[in-house]
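Engineer: I am attaching a structure below and will ask some questions about it afterwards.
The values are calculated or read from the model by the stated rules, or taken from the named source; none is laboratory data. All of these numbers come straight from a predicted model, not from anything done at the bench. In this analysis, Cβ positions are derived from the backbone assuming ideal geometry, glycine residues included, and neighbour counts consider all displayed protein chains.
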Amino acid sequence: MDSQTAINVGMHWGAVFLYVLATITNVAGIVFRKDKWERGSLWLAGLGMAVHAAVIIYWWRIVGHGPYMAPSEVLSSDAWMVLAAYFVFARFFPVIRPASIVVFPAVFTMVALAIFYNPGIRSLPPTFGTVWLILHILFYKISLGTLVVALALSVLFLLRSVREAAWMQRLPDPAVMDIYAYRFAGFGFVFWGIGVLAGSVWAYYSWGRYWNWDPVETWSLITWILFGIYLHLRRFFGLKGKPAAWFFIGCFVMAIVAYYVTSHMGTSIHSEYFK
Amino acid sequence: MQSLRRLFTKRSTILSLIILILAAMLLASFVPQTFLMSKEGIKKWHSDYPAWSLTAEKMGLTSIYTHPLFALVLLGASASLAFSSLDSVRRAVKLSRGTVEDATEWLRFETGRPAADIEVYLRKHRYSSRNGSFVRYAPGYWGAPMLHIGFMVVIIVSLWMALTQRRGLVSLVEGEAFVPGQAWLASEEGLLVKPLILDDAVRLDGLDFEFWPSYATKRIGSHLTFVSSRGDVTRRTVEVNSVLMHKGVRVYQMLDFGHAFAVQVVDSSGKSNLTHLLIHRQSAPDKPEYVTYEDFPEKGRTLKAKYFAEADRSSLNGKNPELVLRIDEKGKEVGQALLTIGGKADLAGYHFRLEGVRRWTNLTFVRITGVGGLFCGFALICLGCVLHFFVVPRVAVLQPSPGGTELCWRAERFEDFFKEEFDTLRLVFEGQAKDG
């Protein structure tokens, strides 16, 4: 392993360590009603983000392009964006702070997965030299962040509906978690949609075709329509509570398949870039 | 017409149509669709999955998008969208003017404060007076209409583009011209138009490419000359992400390129044939891959060709490429030869001479209208989404009551989410919170 890769991997492990520590103190703080631990966990996560940001920037300078080529770069930057989205939203909606119970482990899992991919240097293809690609990727990452928050609230809602342990009193009221999951699903729907459309514009300027029924494109649209159905059911058919939470979790699984799995399908043009 | 409108705007109808479209897309993503695949692709699918492919074809699963039933579902969805758009525009106009719909289920509280005081508070908090009610974030009423109209625009324009687009793919060797009416390497045109024929001849004057240190393509561009029937000459350059527009046709630089080898092949009887072998670029200076030419130079034999951009395997920007030819018969190699420019070799009873080497690339020509409309549709969808989910209108109505003033309030969407705002209002006017 050359020194650059060693630094990359080492710093990522450093970030993972801080995130794991943050998770442990966060969960313990919530479960055992230790406010200091919970507040401390946010600082630890912030410190982890700083280390994480440093290694993303470091690798960016080495490879000469943003973190959107190799699977390791994609997972790592996605994890950072998910945590950044959580902190931004928690600032405006403090009630969602306990979503950290799900968000923090999701983040360190993504970073750990990133480390197990070969962080090899990928060169930027000529088709990637456009602002539409940046917008396409950026909005998908923001969407992922909002969807993870919505997932956290749906999971916590289900947890609370299955068993009412003493520590769960520290979580928001189930009705509150339900409505916030709905709201964040709406946010995710918006950003995902903008990501799809920015990708279409990029494809038109790069390849002359705004839609090619590529597996990534198709599954991305399928996911968006599925979220659309969820939102319609919520708004017009009164879907709420447990059915809504389970439905959203299904939509989220579909989003992960569309986001991470289809880009590796051989028939997709995206697979050329993510080998 | 009214009953049709009611049918297509029923929520269960809308939801059912969306679910049907989704189901069709899900199915079509697992079964290859014939209109999207090439003949070779279909052949390969048949050979990989013989039993399943036959079953799928018998069930019509390979033609989901072109099936009349799917067209019917799309028509229903379009009608639903059209009626919904009209309804949502009417509603947005009504609500933007401050018209209050049935307020019986709104949140409300009574306060001893006069209406004038409450009005001052509301105006301070960006509520504007409209037709007797107070509205905040009124543009949010236009989210749903814009979203629906955006979808309609995209669907209509996409259909127009699919029916009228014309595109053609051509491989050009440096110095070679493609003249109007010549056959494309591949072409596609909508049902309402004829195949694309260019107005001018186009010649590839030169091809530039650069590589990253990893040998991946960094940049590729073609220098083209367009020659009209009157002899007018226009010189242009096209690169990836730098599309060229010429007389209504967009020219795209494709990522396919390599070297074209002009090989003179002489058989045992002395008959000669000049063949151009267009071989894709290598992935690395010392890692070429063979291209196969079946039944060449004669039936039953296969010619395999690869090349090194530089004979000494040092770079991909070779001035002295080396061509490797190999002839197989019944799967076994019967001869191999290495040729540089001007070089000759005898191989399996044939005489090969490499006459010259030039670069080649693929270019796509597209004549299409409606792209501006399509992007407008995209913009409407994005703006509609943002307005609908981020800009939620709040309405307050003041009514005299026995105790003073009754304030009725609602958020247009996500009522439970914004209930805190109403609670704050109530606390302020019950004197339990500061007017901040």
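Engineer: Given the options A:ILE222, A:ILE194, name the one that is facing another protein chain (nearest Cβ under 9 Å), more than 24 Å from A:VAL31 (Cβ to Cβ) and modelled with pLDDT of 95 or more.
Structural biologist: Working: A:ILE222 fails: modelled with pLDDT of 95 or more.
Selected residue: A:ILE194, the only one of A:ILE222, A:ILE194 that is facing another protein chain (nearest Cβ under 9 Å), more than 24 Å from A:VAL31 (Cβ to Cβ) and modelled with pLDDT of 95 or more.
Engineer: Say whether the condition of being within 14 Å of another protein chain (Cβ to nearest Cβ) and farther than 30 Å from A:ILE7 by Cα is met by at least one residue in segment A:99-116. Working first, answer last.
Structural biologist: As a first pass, look at segment A:99-116 and keep what is within 14 Å of another protein chain (Cβ to nearest Cβ): none.
No, that holds for no residue.
Engineer: Filter segment B:145-168 down to the residues that are in contact with a helix residue (DSSP H, G or I) (Cβ under 6 Å, 6 or more places away or on another chain), within 10 Å of chain A (Cβ to nearest Cβ) and crowded, with 22+ Cβ neighbours inside 10 Å and list them by number.
Structural biologist: B:LEU147, B:GLY150
Engineer: Something else: Return yes when A:ALA50 is modelled with pLDDT of 95 or more, over 23 Å from A:LEU133 (Cβ atoms), in a helix (DSSP H, G or I) and out of contact with any helix residue (DSSP H, G or I) (no Cβ under 8 Å at 6 or more places or on another chain) and no when it is not.
Structural biologist: Yes: the conditions hold for A:ALA50.
Engineer: Starting from segment A:167-190, take each residue that is under 20 Å from A:VAL31 (Cα atoms) and within 11 Å of another protein chain (Cβ to nearest Cβ) and list its partners that are surrounded by fewer than 22 Cβ atoms within 10 Å (Cβ to Cβ) and aliphatic (A, V, I, L, M), counting only C-beta distances under 7 angstrom and pairs at least six apart or across chains.
Structural biologist: A:VAL176/A:VAL95
Engineer: Pick from segment B:364-375 the residues that are in contact with a Gly (Cβ under 9 Å, 6 or more places away or on another chain) and surrounded by 16 or more Cβ atoms within 10 Å (Cβ to Cβ): which of them is farthest from the other protein chains (Cβ to nearest Cβ)?
Structural biologist: B:ARG367
Engineer: Another question, if that's okay. Can you find a residue in segment B:38-56 that is part of a helix (DSSP H, G or I) and in contact (Cβ under 8 Å) with a residue 24 or more places away in the chain? I'd like the intermediate steps shown before the answer.
Structural biologist: Filtering segment B:38-56 for residues part of a helix (DSSP H, G or I) gives B:39-48, B:50-56.
Narrowing the set further to residues that are in contact (Cβ under 8 Å) with a residue 24 or more places away in the chain leaves B:56.
The answer is yes, given that some residue of segment B:38-56 is part of a helix (DSSP H, G or I) and in contact (Cβ under 8 Å) with a residue 24 or more places away in the chain.
Engineer: Quick check on segment B:43-54: of everything there that is of a type outside the set (Asp, Glu) and within 13 Å of chain A (Cβ to nearest Cβ), which residue is farthest from A:GLY228 (Cα to Cα)?
Structural biologist: B:LYS44
Engineer: Looking only at residues that are surrounded by 15 or more Cβ atoms within 10 Å (Cβ to Cβ) and farther than 21 Å from A:PHE187 by Cα in segment B:377-400, which one is nearest to the other protein chains (Cβ to nearest Cβ)?
Structural biologist: First, pick out the residues of segment B:377-400 that are surrounded by 15 or more Cβ atoms within 10 Å (Cβ to Cβ): B:377-378, B:380-389, B:391-398.
Still in the list and also farther than 21 Å from A:PHE187 by Cα: B:395-398.
Numbers: B:VAL395: 18, B:ALA396: 21, B:VAL397: 23, B:LEU398: 27 Å.
Looking at the filtered set, the residue picked out is B:VAL395.
Engineer: Return the residue satisfying two criteria in turn: it lies in segment A:232-245 and is part of a helix (DSSP H, G or I) and surrounded by fewer than 20 Cβ atoms within 10 Å (Cβ to Cβ), and of such residues it is farthest from the other protein chains (Cβ to nearest Cβ).
Structural biologist: The qualifying residue farthest from the other protein chains (Cβ to nearest Cβ) is A:LYS242.
Conditions tested, residue by residue: (1) out of contact with any Gly (no Cβ under 6 Å at 6 or more places or on another chain); (2) more than 14 Å from chain B (Cβ to nearest Cβ).
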residue: A:ALA85; (1), (2): no, yes
residue: A:PHE93; (1), (2): yes, no
residue: A:THR127; (1), (2): yes, no
residue: A:THR146; (1), (2): no, no
residue: A:GLU164; (1), (2): yes, yes
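Engineer: Could you tell me how many of the residues in segment B:325-360 are small (Gly, Ala, Ser) and in contact with a Phe, Trp or Tyr (Cβ under 7 Å, 6 or more places away or on another chain)? Even if it seems obvious, please write down each step before you answer.
Structural biologist: Step one: of segment B:325-360, the residues small (Gly, Ala, Ser) are B:331, B:335, B:337, B:342-343, B:345, B:348-349, B:356.
Remaining after also requiring in contact with a Phe, Trp or Tyr (Cβ under 7 Å, 6 or more places away or on another chain): B:337, B:345.
Adding up the residues that qualify gives 2.
Engineer: If you scan segment B:219-236, which residues turn out to be out of contact with any helix residue (DSSP H, G or I) (no Cβ under 7 Å at 6 or more places or on another chain) and within 14 Å of chain A (Cβ to nearest Cβ)?
Structural biologist: We begin by selecting, within segment B:219-236, every residue out of contact with any helix residue (DSSP H, G or I) (no Cβ under 7 Å at 6 or more places or on another chain); these are B:221-236.
The answer is B:GLY221, B:SER222.
Engineer: Can you find a residue that is away from chain A (no Cβ under 13 Å), surrounded by fewer than 11 Cβ atoms within 10 Å (Cβ to Cβ) and in a helix (DSSP H, G or I) anywhere in segment B:18-37?
Structural biologist: Restricting attention to segment B:18-37, the residues satisfying the condition of being away from chain A (no Cβ under 13 Å) are none.
No, segment B:18-37 contains no residue that is away from chain A (no Cβ under 13 Å), surrounded by fewer than 11 Cβ atoms within 10 Å (Cβ to Cβ) and in a helix (DSSP H, G or I).
Engineer: In this structure, does A:ALA45 turn out to be touching a residue at least 40 places away in the same chain (Cβ under 8 Å), small (Gly, Ala, Ser) and closer than 18 Å to A:VAL20 by Cβ?
Structural biologist: Working: touching a residue at least 40 places away in the same chain (Cβ under 8 Å): yes; small (Gly, Ala, Ser): yes; closer than 18 Å to A:VAL20 by Cβ: yes.
So A:ALA45 passes the test.
Engineer: Regarding segment B:342-354, can at least one residue be identified that is in contact with a Gly (Cβ under 7 Å, 6 or more places away or on another chain), within 17 Å of B:ALA260 (Cα to Cα) and surrounded by 16 or more Cβ atoms within 10 Å (Cβ to Cβ)? Spell out the reasoning first.
Structural biologist: Of the residues in segment B:342-354, the ones in contact with a Gly (Cβ under 7 Å, 6 or more places away or on another chain) are B:347-348, B:354.
The next check asks that each one be within 17 Å of B:ALA260 (Cα to Cα); those that pass are B:354.
Subsequent filtering for residues that are surrounded by 16 or more Cβ atoms within 10 Å (Cβ to Cβ) retains B:354.
There is at least one residue in segment B:342-354 that is in contact with a Gly (Cβ under 7 Å, 6 or more places away or on another chain), within 17 Å of B:ALA260 (Cα to Cα) and surrounded by 16 or more Cβ atoms within 10 Å (Cβ to Cβ).
Engineer: Here are some conditions: (1) hydrophobic (A, V, I, L, M, F, W, C); (2) without any contact (Cβ under 8 Å) to a residue 60 or more places away in the chain; (3) within 30 Å of A:ASP173 (Cβ to Cβ). A:TRP246 meets all but one. Which one does it not meet?
Structural biologist: The number of the failed condition is (2).
Engineer: Specify the residue that is nearest to the other protein chains (Cβ to nearest Cβ); the eligible residues are those in segment A:202-218 that are surrounded by 21 or more Cβ atoms within 10 Å (Cβ to Cβ) and touching a residue at least 60 places away in the same chain (Cβ under 8 Å).
Structural biologist: Selected residue: A:SER206.
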